[in-house]
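**Q** Here you go, one structure.
The values are calculated or read from the model by the stated rules, or taken from the named source; none is laboratory data. On a predicted model such as this, the values are computed, not experimentally measured, just so you know. Counting neighbours? That spans all protein chains shown, and the Cβs are built from the backbone with ideal geometry, glycine included. Heads up: the accessible areas ignore ligands, DNA and RNA and are worked out on the full protein's heavy atoms, side chains in. Shrake-Rupley method; radii C 1.70, N 1.55, O 1.52, S 1.80 Å.
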Amino acid sequence: MGIVTPILKSAPFLKKLDKPILTAADMPYESMLVFNAGVTKFKGKYIMVFRNDYGTTPERYVVERHMPGTSIGVAVSDNGVDGWKVLPYHLMDNHKTLEESGREIRRFYDPRITIIEGKPYLCLAADTKHGVRGCIATVDDDFTKVNVISMSVPNNRNMVLFPEKINGRYVRLERPMMGEYHEIWCSFSPDLIHWGDSTLVLDDRTMPFTNSKIGPGAPPVKTEKGWLTTFHAVDVDDSRGKNGWENHWKLRYTAGIMLLDLENPAKITHMAKYPLIAAEKPYETDEGFRQNVIFPGGMILEDNGEVKFYYGASDTYECLATANVNDLIDYCINNNWLDEQVINRS
Ligand code: BMA
C-alpha cells in the first residue's frame, strides 16, 4: 500500500472558522466528544443533528479499551454559524436502542440529514451484532422522534440521500465494505425503503490522496454543472504511532469534492485531484480523540453562492468551513482527476 504525500492542504479558497462551532462544552447533558453532524436548513432555521460520545475517559480508553457511549443530539441556529441552541434531550439514546432491539443494535451514529419534498430524513450508521448497517429514518418536524424505515444488510455505512427524486426515483450514495475495498455506490428506490439498481460510483484503488478507504460525505447539492458532493478519503501510514487517545493510529481522513451527472448521479463527471478539506488547525491536528480526522457530513448552498461545509474534526469537535460555489465547481473541472485517468490509460 503506497504512502500518500506527507502534507495535505485544504483548497486554497476554502475559509475555515478559527474555532469549532459545537463542542462537548456546549452540551446540557453528559458529553465528551461532539462530531460528525448532519446539517440542513429547515423552516428558516439551521438544524444540526450530531453525534455525542460520552461515558469514558482517555485513560480508561487506553488501558481497558473502554468505549464511549453514543447518543444523537440536535442543535438549532438562526445563521448556521453561531448561537447554536442545543435541545435538552437526546434525539436517540443508544442505551434505549440496545434494550429495545433485544441487544441487536448497539448504537446509531454519524447522522446525515436531507430534506425531501419538505420532509426531513436521517441517514445513520448502526453498529449491530451482525456488522455495520446503513439506515434511513424519518424524523418529525420538531426533531423529537425518529423512526427507522430501512436498514441495509451488513456491511454498509455512510449513506446519504439526494434532496430530490431523479427520473422518478429516490437516490442514495452508500459505502459497502468488501474486504479491503471500500467503494462508493449509488442505489435507487421507489419508496425510500426498497433499494436496488446499485451502481459503482468510485473505487478506492486508484484515487489520489488516499491509499485506503473512501466514503460519501454530505448529501449532494444541486448546481448547474451537476450534483456537487463531498467524500472522505483515508490514507494509512504504518509509521504513525501515538495519536490522541490511541496508542497506534495509522489513519488520516481528508475530504474531497466531485461533481456527479445531474441525470445519472452514479456517474462522476469531475473530481478534484486535490483535497477540499485537510487537517491543519491545531484542534484538527494536535487535540482530541483521533487527530487528523476530517469527516464531512453537512453541506448547504446559500442563495448568494456561499457553500457551508460542516465537518467533524479529530472525532472531537464539529467545525465549519465556507467556499464560493463557482470556486468549488472550477476546482473540480480544472483539476479533474478523470482527465488524468484518460491520459494514463492512453
Ligand atoms: C470511521 C467512523 C467515523 C469516524 C472515523 C475516524 O470508521 O467510525 O465515525 O469519524 O472512523 O475515527
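**Q** Is it the case that Ile277 is within 16 Å of the ligand (Cβ to nearest atom) and β-branched (Val, Ile, Thr)?
**A** yes
**Q** Now for a separate question. Being farther than 26 Å from Thr70 by Cα and among the small types (Gly, Ala, Ser) is the filter here; which residues of segment 297-319 pass it?
**A** Selection gives Gly305 alone.
**Q** Looking at segment 54-70, can you tell me whether even one residue there is surrounded by 15 or more Cβ atoms within 10 Å (Cβ to Cβ) and closer than 26 Å to Thr322 by Cβ?
**A** no
**Q** Take Asp142 and decide whether it is surrounded by 15 or more Cβ atoms within 10 Å (Cβ to Cβ), without any contact (Cβ under 8 Å) to a residue 24 or more places away in the chain and not aliphatic (A, V, I, L, M).
**A** The answer is no for Asp142.
**Q** Sticking with this structure for a sec: Which residue pairs have Cβ atoms under 7 Å apart, sit 6 or more places apart or on different chains, and have a first residue in segment 278-292 that is more than 19 Å from Asp235 (Cβ to Cβ) and a second that is modelled with pLDDT of 95 or more and within 14 Å of the ligand (Cβ to nearest atom)?
**A** What qualifies is Tyr283/Ala313; Tyr283/Ser314; Tyr283/Tyr317; Glu287/Ser314; Glu287/Thr316.
**Q** Condition first: over 15 Å from Thr23 (Cα atoms) and part of a loop (DSSP other than H, G, I, E, B). Can you find one or more residues in segment 326-333 that meet it?
**A** Within segment 326-333, none of the residues are over 15 Å from Thr23 (Cα atoms) and part of a loop (DSSP other than H, G, I, E, B).
**Q** Away from the ligand (no atom under 14 Å from the Cβ) and either surrounded by fewer than 22 Cβ atoms within 10 Å (Cβ to Cβ) or under 14 Å from the mean Cα position of the chain (by Cα) (or both): which single residue out of Ile136, Ile149 fits that description?
**A** Ile149
**Q** Within segment 247-274, restricting attention to residues that are surrounded by fewer than 17 Cβ atoms within 10 Å (Cβ to Cβ) and of a type in the set (Lys, Arg), which residue is farthest from the ligand (Cβ to nearest atom)?
**A** Among residues in segment 247-274 that are surrounded by fewer than 17 Cβ atoms within 10 Å (Cβ to Cβ) and of a type in the set (Lys, Arg), the one farthest from the ligand (Cβ to nearest atom) is Lys267.
**Q** Can you name every residue in segment 245-257 that is touching a Pro at 6+ places or on another chain (Cβ under 8 Å) and closer than 29 Å to Phe13 by Cβ?
**A** Listed by number, the residues that qualify are Thr254, Ala255, Gly256.
**Q** Follow-up question, since we're still on this one. Of all residues in segment 103-117, how many are over 20 Å from Asn155 (Cα atoms) and either touching a helix residue (DSSP H, G or I) at 6+ places or on another chain (Cβ under 6 Å) or open to solvent by 50 Å² or more (accessible area, probe 1.4 Å) (or both)?
**A** Residues flagged as over 20 Å from Asn155 (Cα atoms) and either touching a helix residue (DSSP H, G or I) at 6+ places or on another chain (Cβ under 6 Å) or open to solvent by 50 Å² or more (accessible area, probe 1.4 Å) (or both) within segment 103-117 amount to 1.
**Q** Collect the residues in segment 169-184 that are free of Cβ contacts under 8 Å to residues at least 40 places away in the same chain and touching a strand residue (DSSP E or B) at 6+ places or on another chain (Cβ under 9 Å), keeping them in residue-number order.
**A** Arg169, Pro176, His182, Glu183, listed by residue number.
**Q** Is it the case that segment 221-228 has a residue that's more than 26 Å from Thr114 (Cβ to Cβ) and surrounded by fewer than 17 Cβ atoms within 10 Å (Cβ to Cβ)?
**A** The answer is no, given that none of the residues of segment 221-228 is more than 26 Å from Thr114 (Cβ to Cβ) and surrounded by fewer than 17 Cβ atoms within 10 Å (Cβ to Cβ).
**Q** I've got another one for you. Can you find a residue that is surrounded by fewer than 16 Cβ atoms within 10 Å (Cβ to Cβ) and either over 30 Å from Asn326 (Cα atoms) or within 16 Å of the ligand (Cβ to nearest atom) (or both) anywhere in segment 3-16?
**A** Within segment 3-16, one or more residues are surrounded by fewer than 16 Cβ atoms within 10 Å (Cβ to Cβ) and either over 30 Å from Asn326 (Cα atoms) or within 16 Å of the ligand (Cβ to nearest atom) (or both).
**Q** While we're looking at this one, here's another question. Regarding segment 91-101, can at least one residue be identified that is modelled with pLDDT of 95 or more and in contact with a strand residue (DSSP E or B) (Cβ under 7 Å, 6 or more places away or on another chain)?
**A** Scanning segment 91-101 turns up at least one residue that is modelled with pLDDT of 95 or more and in contact with a strand residue (DSSP E or B) (Cβ under 7 Å, 6 or more places away or on another chain).
**Q** Among the numbered conditions (1) over 20 Å from Ile277 (Cβ atoms); (2) at pLDDT below 95; (3) more than 16 Å from the ligand (Cβ to nearest atom), tell me where Gly83 comes up short.
**A** Result: Gly83 passes all but (2).
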